[in-house]
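Only one structure is covered here, and it is reproduced in the block below.
The values are calculated or read from the model by the stated rules, or taken from the named source; none is laboratory data. Being a predicted model, the structure only gives us computed values, none of them experimental. We place every Cβ from the backbone using ideal geometry, glycine too, and count neighbours over all the protein chains shown. Accessible surface areas use protein heavy atoms only, side chains included; no ligands, DNA or RNA. Shrake-Rupley method; radii C 1.70, N 1.55, O 1.52, S 1.80 Å.
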Amino acid sequence: MRATDLFFSAFYIILLAVAGTQLSQLSDINSAEISSKLYPTLVVSIGLIMGVLETVRVLFARGGESLPKLSEVWAPAFNRRRMTLLFLFVVYLIAIKPVGFLVSTGMFCFGTIFILSPQRNLRVAAISIAVSAGILSLIYLLLVVYLEAFLP
Amino acid sequence: MYDLMFQGAAHVFLPWTLFAIFMGVAGGLVIGAIPGLTSTMAIALMVPVTYAMPIEFAIPLLMGVYCGAISGGLVGAILLNIPGTPASASTCLDGYPMAAKGQAPRALGLAVYSSMIGGTLSGLALVLISPLLAKIALTFGPWEYFALVIFTFSCISAMSEKGRAIKAFMAAFIGLGLALVGLDEASGQVRMTFGFTAFESGFYELPALIGLYAIPQLLADSDDIGRTSKILKINFKLREFTQTFGEVIRHKRDLLRSTFIGIIIGILPGVGPGLSNIVAYSQAKRASKTPEKYGTGELAESVMSPEAANNASMGGALIPMLTLGIPGDASTLMMLGAFMLHGIDPGPLLFRDHGDIVGVVFLSFFVAFAFCTVIYHFFIPLTIKAISVPRQYVIPVLLILCTVGCYSLNNRMFDVYCFLGFGLLGYFLHISRVPVLPVILGLILGPMAEEQLSLALAFGQGSILPFFMRPVSGSILLVAFLSLVLPPIITYLRHKKILKSA
């Protein structure tokens, strides 16, 4: 867990440091009573101080032996099923524009149910098709008929 | 107060609005009953759908979802030993053993009636406290509002897990940082966009909220695919179920204590039903003459206490949201998003400018609980069926509905990509055991903090002294400071005492 904490702290400090690089691009208006840089600078600098404090605390904290190890935390987080689902979802979002909303949604729904199912057979395929058809009808009614939205 | 109620009644007691509340409750119950799907997720799914609805119709629907989803958690907790929502975590401890002894209708009845009574009493607290607090809040200046934002973050930090307080603050700063992205209305310049024009309008709150909550939750839920959970088979008899009402009334002391705990915890910003049910259970055990029987499923009060408290938190959590614009928990944060989506900013002015909407909230809260009670009497077997739907069908459907919801807000793919981006951030925080709620609070309260700080400094000619010298703002900041400093000092002193005695 200590390694995970340090990893988070590193990510956090880098994130705020990158945000800090944008502060110099802000300029003040002469008539303004309060500098427009004040609040962003406060957020970034206090945030960075927090990050450094937490990093120091984690580095010098005692009793970390009982906490779960990095591999114990990260292995379930990156297990095959979760990553497959995430991959399919990212592909779906990327495919929406070129393939079209309804087609990509139907394919994602059918594919995800079929791939994630513990058993893959004709029955599962039939259920996947039925669920996909149901969700497509719902989306069509909701977006096109009810909200009158333009689908990509 | 009466005029608010009458104005609200004109909107709520219409056939279609009542039907919307009923459907909201039913949908919320189903989602809340499915383990892993929280009330926050239920509201997140519904908020975009309400975009095209008039607010007088949308708010009752969402109140129905909110009440149904929090209450729905008890079914999974009692019959599966898995809480449907974190709000029912303590219900498992005695509800499941009671059901396993063949007393499932009793366990369900105790949980349902205590939920409904707790929820209704918290509704009364909401109706009585909110207008008073709103009147007081009207006298607040920017100093007090800024102090309240600080207090909110200190609350989240103080309530976080041991050793994770600074992490909660760091999460809040991520949210505050993300809120900086886009156009600064005061100076008219864009900031933190890294040259991307898409970022100039900033991050829309709802895709961020939905992404941070839904994606990590659904990814984690995919672990349950293929797992066969053992649902207790029950022979549901309505008579046996209704007989527990008398048992609930006989334990009025436990019921009132838990309700009070729930309301108070609900009012505290950033914490809600997830904590109140645990505190209420432990307090009931402490007050019991037979604490050794807790966990065995024998005592009625051990099932009632957590359920009364988690529902009581709902009314409590709505109080700061309506009167100050500060959400009491993640679900009210979503409700806040819904108000903002309809162009209404909750706060003390809401009571003056949109009294009818406040009345709608009050009345639909009570109506939702009434429908919830009715549904539980007649549709429990159906709710049981809902919890046994295989997860592989639920997860992709919910991901698609979230995507559709984010897209339909502005009809642009940028919001969908933001939803994914925030989802990945939420998943990283989930792995790192960093709470997500402070990020969202930072994102929503960031603009308010900036505006109020600028105003306070401008009014005070650059001086920060009024923050400490004004009685209300000074007191709020003092409480915030104490809530941060006292817990580690008390822990240190306790530790020292134990070492000495050893």
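When the stretch B:442-471 is filtered for residues that are small (Gly, Ala, Ser) and on the phi < 0 side of the Ramachandran plot, the ones remaining, listed by number, are B:Gly442, B:Gly446, B:Ala449, B:Ser454, B:Ala456, B:Ala458, B:Gly460, B:Ser463. Residues that are of a type in the set (Phe, Trp, Tyr) and at the interface with chain A (Cβ under 10 Å from one of its Cβ atoms) number at least 1 in the following helices (runs of 4 or more DSSP H) confined to the stretch B:132-249: B:165-180.
Here A:Gly100 fits the description: closer than 20 Å to B:Ser408 by Cβ and of a type outside the set (Val, Ile, Thr).
Of all residue pairs spaced 6 or more apart or on separate chains, those with beta-carbon atoms under 6 Å, a first member in the stretch A:49-60 that is over 14 Å from B:Arg164 (Cβ atoms) and among the hydroxyl-bearing types (Ser, Thr, Tyr) and a second member that is part of a helix (DSSP H, G or I) and open to solvent by less than 40 Å² (accessible area, probe 1.4 Å) are A:Thr55/A:Ser9.
For the stretch B:285-313, a tally of residues being within 12 Å of B:Asp254 (Cβ to Cβ), in a helix (DSSP H, G or I) and open to solvent by less than 40 Å² (accessible area, probe 1.4 Å) returns 10. Name the residues in the stretch A:136-148 that are open to solvent by 10 Å² or more (accessible area, probe 1.4 Å) and either free of Cβ contacts under 8 Å to residues at least 24 places away in the same chain or within 7 Å of another protein chain (Cβ to nearest Cβ) (or both), would you? Residues satisfying the conditions are A:Ser137, A:Leu138, A:Leu141, A:Leu142, A:Val144, A:Val145, A:Tyr146, A:Leu147, A:Glu148.
B:Lys385 meets all of the listed conditions (1) touching a residue at least 12 places away in the same chain (Cβ under 8 Å); (2) away from every other protein chain (no Cβ under 11 Å); (3) open to solvent by 10 Å² or more (accessible area, probe 1.4 Å) but one, namely (1).
Condition check ((1) within 25 Å of A:Thr41 (Cα to Cα); (2) among the aromatic types (Phe, Trp, Tyr); (3) open to solvent by 80 Å² or more (accessible area, probe 1.4 Å)) across all residues:
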residue	(1), (2), (3)
B:Phe459	yes, yes, yes
B:Ser463	yes, no, no
B:Val472	no, no, no
B:Tyr492	no, yes, yes
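The requirement of being under 23 Å from the mean Cα position of the chain (by Cα), more than 17 Å from B:Tyr51 (Cα to Cα) and not aliphatic (A, V, I, L, M) is not satisfied by B:Gly405. The residues in the stretch B:410-449 that are open to solvent by 30 Å² or more (accessible area, probe 1.4 Å), more than 22 Å from the chain's Cα centre (by Cα) and over 23 Å from A:Phe78 (Cα atoms) can be counted, and the count is 4.
Among helices (runs of 4 or more DSSP H) entirely within the stretch A:1-120, having at least 3 residues that are at pLDDT 85 or above and open to solvent by 40 Å² or more (accessible area, probe 1.4 Å) singles out A:2-20, A:38-60, A:80-99, A:101-116.
Restricting B:Ala104, B:Ala111, B:Ala100 to residues that are part of a helix (DSSP H, G or I) and open to solvent by 40 Å² or more (accessible area, probe 1.4 Å) narrows the list to B:Ala100.
Listed by position, the helices (runs of 4 or more DSSP H) contained in the stretch B:1-47 that have at least 3 residues being open to solvent by 30 Å² or more (accessible area, probe 1.4 Å) are B:2-12, B:15-33. Cβ-Cβ contacts under 6 Å between residues 6 or more apart (or on different chains), taken from a first residue in the stretch B:109-121 that is more than 14 Å from B:His377 (Cα to Cα) and modelled with pLDDT of 90 or more to a second residue that is open to solvent by less than 10 Å² (accessible area, probe 1.4 Å) and hydroxyl-bearing (Ser, Thr, Tyr), are listed as B:Gly118/B:Thr259; B:Leu121/B:Thr259.
Based on this model, can you work out whether B:Thr193 counts as at pLDDT 85 or above and hydroxyl-bearing (Ser, Thr, Tyr)? When the stated conditions are applied, B:Thr193 passes them. Looking across A:Thr84, A:Thr55, one residue alone is among the polar types (S, T, N, Q) and over 22 Å from B:Val416 (Cα atoms). It is A:Thr55. In the stretch B:195-212, the residues that are closer than 13 Å to B:Phe414 by Cα reach residues that are open to solvent by less than 50 Å² (accessible area, probe 1.4 Å) and among the polar types (S, T, N, Q) with C-beta atoms within less than 6 angstrom, at least six apart or across chains, in these pairs: B:Phe199/B:Thr193; B:Glu200/B:Thr193.
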